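To keep things clear, I will list the structure first and then write my remarks on it.
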Amino acid sequence: MLSKSRNREIFSRHIKSADIAVVEGVMGLFDGYDGKSEAGSTAQMAKWLDLPVLLAVNAKSMARSAAAVVQGFENFDPDLRFSGVIFNQLGSGRHLSYLKDAISGHVQMPCLGGMLKNADIAIPERHLGLVTLEDHPLSPGAIKRLADFIESSVDMDALLSCFSDVDAEPETAPSPHLPEPGRVKIGVAMDPAFCFYYPDNLDALTAEGAELVPFSPITDSRLPDGLAGIYFGGGYPELHAEKLAANSQLRSQVLASSLKGMPIYAECGGLMYLCKELTDMDGRSHPMTGCFSFSTRMLQRLKTLGYREITLKSDTIIGKAGQKIRGHEFHYSELTSPAQVPGVYAVTSRFGESGVEEGFQVNNTLGSYIHLHFGSQPNAATAFVRACLAYQNS
């Protein structure tokens, strides 16, 4: 979603005070935007940041074939550096010894350890991925078990010796003219129903002078005082639909704020909350805020997944017509009826331009299924804060 320089700037900014930086890979090492290039892949990011890769291989029920898998990864891209391989889901210590013998003499990267199957440390999954921290917090005891498990399974000294020094100086200097902090308050929905945010987006709003005020659409009976805007991120409103619906006082406040013209920006789960009604996976319907006249329903299967680039077709609270912003879309729900307002996003995916209506703006309320990354268009955060200031001063 972001340029090489933007990614390097974000990475450099966050490692200044760190001893060790770990970048989590996504999907397979070489999986990205399409099958033709490395664009959007973990491998590309490793090369952009000049970091070695620790390869994790699920070796469940695998024998000598695991060596061919590791060899294939090692030779696929000669420009990629590997710190080593760790085998996962092993059946026994003897299984690990077998795999070490198998790769010996066939690959350059060392084996840094192997982890046995262990149901006690598993994190449960559901649609959209692992159960989130909000719904499955890790106790101190659970964290200690994880740490002990890693220390007993991985040669940590060898792993740490593979790490390389990195340059913590950002490629682009910060702007010398920073806006006055706290000049406008923006409410941010933060609870188990709304927990998917790019932290960079929140940082960008703060950098523009916004004071971010968290609140819970599940438990709070009223919006925080003095708000000039609201940001609803993604999450799991379908799992908390009954509680969201029961909180009619807050729902009414959100609708009233929308009707007054307060800038409200919502993504995915946030869009579902701003609709008239949400139908869950059991077919039960729950009233939502009604900022938009259409409704959403959950599906038993994945509706869509992938990177997106949007071009604004008209002026919005996050930018002017013609501006481009990149993001990601991943959801199990859909609109139950055609939107009665035209979409303000022209959407392009890896398959070309999409004809699906997206980006719905009524009054100053903008909602979409796409999680946009403001780092791909710095003017987005600026535009949203300015819209909030205009509302505050009106």
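Since every read-out is calculated from the coordinates, none of them should be taken as a lab result. The shown structure was predicted, so the numbers you read here are calculated from the model rather than taken from an experiment. We place every Cβ from the backbone using ideal geometry, glycine too, and count neighbours over all the protein chains shown.
The angle separating the long axis of helix 140-153 from the principal Cα axis of greatest extent in the chain is about 30 degrees.
Summing charges over neighbours of TYR369, with a neighbour being any other residue whose Cβ is under 10 Å away from its Cβ, gives -2 when K and R count +1 and D and E count -1.
How many lysine pairs in the range 4-162, separated by 8 or more positions in sequence or lying on different chains, have Cα atoms less than 18 Å apart? Write out the running numbers ahead of the final one.
Values: LYS4/LYS47; LYS36/LYS47; LYS60/LYS100; LYS60/LYS117; LYS100/LYS117; LYS117/LYS144.
The number of close lysine pairs in the range 4-162 is 6.
Test of understanding: what is the full-extension gain from LYS303 to SER92, defined as 0.36 nm times their sequence separation minus their Cα-Cα distance? Full extension from LYS303 to SER92 adds 72.0 nm. Each Lys or Arg adds one and each Asp or Glu takes one away; over the other residues whose Cβ falls under 14 Å from the Cβ of LEU244, this sums to -2. Listed by chain and number, the lysines whose C-alpha is less than 26 Å from the C-alpha of LYS260, apart from same-chain residues fewer than 8 away, are LYS185, LYS243, LYS276, LYS313, LYS320.
Could you size up the charge dipole of the range 4-162 around its Cα centre, putting +1 on the beta carbon of Lys and Arg and -1 on that of Asp and Glu, and report it in debye to the nearest 20? Walk me through the numbers before you get to the answer.
Values: 16 positive and 19 negative charges, 20 e Å.
Dipole size: approximately 100 debye.
Given their separation in residues at 0.36 nm each and the Cα-Cα distance between them, ASP148 and LEU133 gain 3.4 nm when the chain is fully extended. Seen against the Cα atoms of the chain and their longest principal axis, helix 4-14 is set at about 90 degrees. Shape summary: the range 166-323 maps onto an equivalent ellipsoid whose semi-axes, from the alpha-carbon gyration tensor, are 29, 20, 16 Å in decreasing order.
Compute the FRET efficiency between VAL356 and SER3 as 1/(1 + (r/R0)^6), taking r as their Cβ-Cβ distance and R0 = 22 Å, and round to the nearest 0.05. Once the sixth-power term is evaluated, E becomes 0.25. The residues packed around GLN89, meaning those with a beta-carbon under 10 Å from its beta-carbon, carry a net charge of +2 if Lys and Arg are +1 and Asp and Glu are -1.
Modelled label positions at ASP101 and ALA158, each set 7 Å beyond Cα in the direction of Cβ, lie 1.7 nm from each other.
Assuming 0.36 nm per residue, please report the length gained on full extension of the stretch ARG183 to ALA18 beyond their Cα-Cα distance.
Values: separation 165, 0.36 × 165 = 59.40 nm, distance 3.08 nm.
Gain on extension, ARG183 to ALA18, equals 56.3 nm.
At a Förster distance of 22 Å, what's the computed FRET efficiency of SER285 paired with SER337, Cβ-Cβ distance as r, to 0.05? Calculated transfer efficiency: 0.95.
Computed from the C-beta positions of ALA68 and SER216, the FRET efficiency with R₀ = 51 Å rounds to 0.50.
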